[in-house]
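Inspection log for the structure reproduced underneath, given as structure tokens.
The values are calculated or read from the model by the stated rules, or taken from the named source; none is laboratory data. The structure displayed is predicted, hence computed values, not measured ones. Cβ sites come from the backbone with ideal geometry, for glycine too, and all protein chains shown count toward neighbours. Each accessible area value is taken on the protein alone, full model and side chains, heavy atoms only, with ligands, DNA and RNA left out. Shrake-Rupley method; radii C 1.70, N 1.55, O 1.52, S 1.80 Å.
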Amino acid sequence: MVKVAVLGAAGGIGQPLSLLLKQNTWISHLALYDIISVAGIAADLSHINTPSKVTAHLGPDNLKDAVVDAHIVIIPAGAPRKPGMFRNDLFKINAFIIRDLAIAASKYCPKAFMLVVTNPVNSTVPVVAGVFKKAGMYDPKRLFGVSTLDAVRASRFISEVNVELDPISTRVNVVGGHSGNTIVPLLSQLTATRDLNQEQIEALSYHIQFAGDEVIVAKGGITSATLSMAFAGNRFVSNILEATVGGRTGIIEPAYVHLAADAEGGSEVQKDTDCEYFAINVELGSGGIERIIPFGPISEYESRLLKEAILELQANIKLGNDFSILETNGKPSIDSVGHEAKM
Ligand code: NAD
Ligand code: LMR
């Protein structure tokens with residue numbers, strides 16, 4: 001029995017993500033949790049003739065049933081950005097949502113693979129780590145910030161610049177974190193970019209880094225990326241299932257992970273970046289992260305991007321870690337934590 005819990009299942013991401021997950025035949029139980037409207041969504045999805053049963057769980061009183069014994073918990077719960085906001089601006093609201101969901105998961109499915117979509121990913125992932133550490137259940141190999149969308153976008157955008165490239169099979173190494181300047185596409189590693197001049201490289205890099213803002217503007221400020229995120233989230237869940245249930249080896253996916261994950265490669269990347277968490281390619285195995293893959297040679301331009309990214313990432317990670325410490329001591333202070341977040 002493979003249970004996958006989607007927390008925030010009634011949202012802009014949660015609904016299409018759940019639809020895609022309903023099509024995954026590894027999943028036998030899809031548990032949908034939200035604080036609104038989840039019954040109707042589950043009823044609707046439950047008519048699709050795939051093996052999984054779908055259950056609805058509304059509100060905190062039903063959170064335990066949603067997560068108990070889950071193999072994977074994917075969390076797109078929380079507020080999205082509006083125009084003019086930085087992802088960090090969401091921390092004041094989303095840190096508490098993530099904390100409470102993580103507390104439930106640490107109690108009722110402590111061995112689950114935890115996949116965090118909720119922004120700001122750079123800081124919400126350390127919050128989940130803090131909660132699991134406090135519960136004495138932390139396994140960094142099972143915790144992932146979902147940064148797949150950056151890689152999905154990079155593959156698509158590069159195929160628009162070079163139409164010979166297949167957007168499905170072309171992979172771009174995108175490292176750092178999941179917000180503006182912390183997203184560092186390593187375009188120099190592709191032979192296909194050798195014909196691009198510096199101006200083109202910079203334009204493409206910017207497009208990848210700030211693609212999220214484009215969607216928010218195009219949607220008239222109503223919400224941020226949902227459909228492409230559902231696609232990315234589904235790709236990531238599918239790969240976790242292939243590796244952990246299907247026993248497939250050699251799956252490599254980018255994710256925002258704890259470099260202390262005691263997996264081969266982690267300490268090397270930590271030494272190079274001086275970051276505790278980092279978005280990077282990882283090899284998945286039956287226990288989660290099998291290997292963290294050092295990012296390899298980078299150009300001078302990318303090295304400049306990386307330096308900027310690291311400064312911001314370190315502050316974002318501190319924000320998440322500080323929140324966890326304050327919360328652990330029972331003295332959460334939203335204002336002081338939020339204030340540090342301002343860019
Ligand atoms: P949304 O507002 O459409 O949906 C969020 C859902 O979360 C809503 O259904 C809401 O009821 C629910 N929710 C709120 N508080 C909750 C709680 N305590 N418990 C359970 N559910 C709760 O937002 P969205 O567009 O789906 O985005 C969700 C999050 O994903 C945002 O933080 C957004 O910034 C982030 N996001 C991340 C990526 C990424 O690449 N990682 C991409 C896009 C969006
Ligand atoms: C994205 O990259 O589209 C998401 O992180 C949502 C956002 O706030 O831009």
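From the residues in region 201-239 that are away from ligand 1 (no atom under 15 Å from the Cβ) and of a type outside the set (Ser, Thr, Tyr), which one is surrounded by the most Cβ atoms within 10 Å (Cβ to Cβ)? Explain how you work it out, then say what you get.
Restricting attention to region 201-239, the residues satisfying the condition of being away from ligand 1 (no atom under 15 Å from the Cβ) are 201-207, 238-239.
Subset that is of a type outside the set (Ser, Thr, Tyr): 201-204, 207, 239.
Working: ILE201: 18, GLU202: 14, ALA203: 13, LEU204: 21, HIS207: 17, ASN239: 18.
Among those residues, the one meeting the criterion is LEU204.
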Selection status of ILE325, at pLDDT below 95, at negative phi and β-branched (Val, Ile, Thr)
yes
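Rundown of residues vs (1) within 15 Å of ligand 1 (Cβ to nearest atom); (2) open to solvent by less than 10 Å² (accessible area, probe 1.4 Å); (3) part of a helix (DSSP H, G or I); (4) in contact (Cβ under 8 Å) with a residue 60 or more places away in the chain, yes/no style:
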position	(1), (2), (3), (4)
ALA5	yes, yes, no, yes
ALA10	yes, no, no, no
ILE27	no, yes, no, yes
ALA43	no, no, yes, no
ASN49	no, no, no, no
VAL54	no, no, no, no
LYS64	yes, no, yes, no
ILE74	yes, yes, no, yes
ALA79	yes, no, no, no
Could you list all residues from region 217-239 that are more than 14 Å from ligand 2 (Cβ to nearest atom) and closer than 20 Å to MET85 by Cα?
GLY220
Within region 73-88, identify whether any single residue is away from ligand 2 (no atom under 16 Å from the Cβ) and modelled with pLDDT of 95 or more, and answer yes or no.
yes
Among the residues of region 91-115, which ones are free of Cβ contacts under 8 Å to residues at least 60 places away in the same chain, within 16 Å of ligand 2 (Cβ to nearest atom) and surrounded by 23 or more Cβ atoms within 10 Å (Cβ to Cβ)?
ASN94, ILE98
Based on this model, can you work out whether LEU58 counts as touching a Gly at 6+ places or on another chain (Cβ under 6 Å) and either open to solvent by 10 Å² or more (accessible area, probe 1.4 Å) or within 16 Å of ligand 2 (Cβ to nearest atom) (or both)?
no
Would you confirm whether or not region 119-130 contains a residue that is more than 18 Å from LEU319 (Cα to Cα), away from ligand 2 (no atom under 16 Å from the Cβ) and among the aliphatic types (A, V, I, L, M)?
no
Considering only region 130-140, I want to know if a residue exists there that is in contact with a Leu (Cβ under 9 Å, 6 or more places away or on another chain), within 11 Å of ligand 1 (Cβ to nearest atom) and closer than 30 Å to ARG171 by Cα.
no
Boolean, SER205 is of a type in the set (S, T, N, Q), within 16 Å of ligand 2 (Cβ to nearest atom) and assigned to a helix (DSSP H, G or I)
yes
When THR170 is evaluated against the numbered criteria (1) over 22 Å from GLN314 (Cα atoms); (2) among the hydroxyl-bearing types (Ser, Thr, Tyr); (3) in contact with a helix residue (DSSP H, G or I) (Cβ under 7 Å, 6 or more places away or on another chain); (4) surrounded by 18 or more Cβ atoms within 10 Å (Cβ to Cβ), which criterion, by number, is the only one it fails?
(4)
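Taking the stated definitions as given, is ALA70 under 16 Å from GLN15 (Cβ atoms) and modelled with pLDDT of 95 or more?
Numbers: under 16 Å from GLN15 (Cβ atoms): no; modelled with pLDDT of 95 or more: yes.
Here the answer is no, as ALA70 does not meet what is asked.
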Flagged pairs (Cβ under 7 angstrom, 6 or more apart or on separate chains; first in region 201-216, under 13 Å from VAL152 (Cα atoms); second within 6 Å of ligand 2 (Cβ to nearest atom) and not polar (S, T, N, Q)) are GLY212/ALA225
Among the candidates ASP272, ASP195, residue that is free of Cβ contacts under 8 Å to residues at least 40 places away in the same chain, away from ligand 2 (no atom under 14 Å from the Cβ), among the acidic types (Asp, Glu) and assigned to a helix (DSSP H, G or I)
ASP272
What residue, of ALA5, ALA42, is touching a His at 6+ places or on another chain (Cβ under 9 Å) and closer than 21 Å to VAL128 by Cα?
ALA5
Looking at region 175-182, can you tell me whether even one residue there is open to solvent by less than 20 Å² (accessible area, probe 1.4 Å), within 13 Å of ligand 1 (Cβ to nearest atom), of a type in the set (Val, Ile, Thr) and farther than 23 Å from LEU241 by Cα?
yes
